[in-house]
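One structure is given below, encoded as structure tokens.
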Amino acid sequence: MAISARLRKMDFREVWLLVRLSVSNPRFAFATYKATKETLKTCNGLFGDRHHKNGKANAFRHALWNYLISENCYKISGSSEKSRFWSKKVTDLHEKLSPNEELEREMDLHNNEVGRKLFKKYAGSKMAIIDLLKGMMDTARQIEKPEELQKAKNKLVFIEITIKK
């Protein structure tokens, strides 16, 4: 879904929360916007619409998004901790505002965390991170309930298997 389309679907409360967060750190908000656009462009190119489902491409998208937010904010702050904290804050808010079922939300939060951990370990390796995440898709773990996330600490997780077209 395009960023503008998602914004149009937000109610007043959701827009207000987003505005408050953005005003708290406008430079990070702009960096987040850039990371979001880059993530969507990359995933559209690699997966078409499949990254909007609950498969491995979705897991890739969430991890990449958090990595790129962290990286873009790091360029501004010079602090890995601050940039990962912001990434968590923004993406947790996104999940709070998204109309997902519990398992989908937990899957997304897990994959977001994987992306932030990858940033902590591989900061500054944007080109290599895409190849790394593609490789992680091969070992991604399918889950059927939130309790299974404990067994997939540093792995991407997904709910449904998407069939390539």
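Looking at Lys145, Lys155, Lys121, which is the one that is modelled with pLDDT of 90 or more and farther than 16 Å from Gly55 by Cα?
Matching residue, one of Lys145, Lys155, Lys121: Lys121.
The condition (being farther than 20 Å from Ala152 by Cβ, out of contact with any strand residue (DSSP E or B) (no Cβ under 9 Å at 6 or more places or on another chain) and modelled with pLDDT of 95 or more) is satisfied by just one residue among Phe47, Phe30: Phe47.
Do the conditions hold for Gly135, that is, is it within 16 Å of Asn66 (Cβ to Cβ), loosely packed, with under 12 Cβ neighbours inside 10 Å and not aromatic (Phe, Trp, Tyr)? No; evaluated as a whole, the condition is false for this residue. Of all residues in region 153-165, those that are under 10 Å from Ala140 (Cβ atoms) and assigned to a loop (DSSP other than H, G, I, E, B) have Cβ atoms under 6 Å from Cβ atoms of residues that are at pLDDT 55 or above and charged (D, E, K, R), 6 or more apart or on another chain, in Lys155/Arg141.
Look through Lys75, Lys56 and report the one residue that is over 22 Å from Met137 (Cβ atoms) and either in contact with a Phe, Trp or Tyr (Cβ under 8 Å, 6 or more places away or on another chain) or at pLDDT 95 or above (or both).
Details: Lys56 fails: over 22 Å from Met137 (Cβ atoms).
The conditions single out Lys75.
Could you tell me whether region 94-102 includes any residue that is of a type outside the set (Gly, Ala, Ser), in contact with a His (Cβ under 6 Å, 6 or more places away or on another chain) and at pLDDT below 95? No.
Tell me which residues, restricted to region 132-145, are over 13 Å from the mean Cα position of the chain (by Cα) and closer than 18 Å to Cys43 by Cα. Give the steps one after another, and end with the answer.
Restricting attention to region 132-145, the residues satisfying the condition of being over 13 Å from the mean Cα position of the chain (by Cα) are 132, 134-145.
If the condition is that a residue be over 13 Å from the mean Cα position of the chain (by Cα) and closer than 18 Å to Cys43 by Cα, then Leu132, Lys134, Gly135, Met136, Met137, Asp138, Ala140 are the ones that fit.
The values are calculated or read from the model by the stated rules, or taken from the named source; none is laboratory data. Quick caveat: nothing in here was measured; it's all calculated off a predicted structure. In this analysis, Cβ positions are derived from the backbone assuming ideal geometry, glycine residues included, and neighbour counts consider all displayed protein chains.
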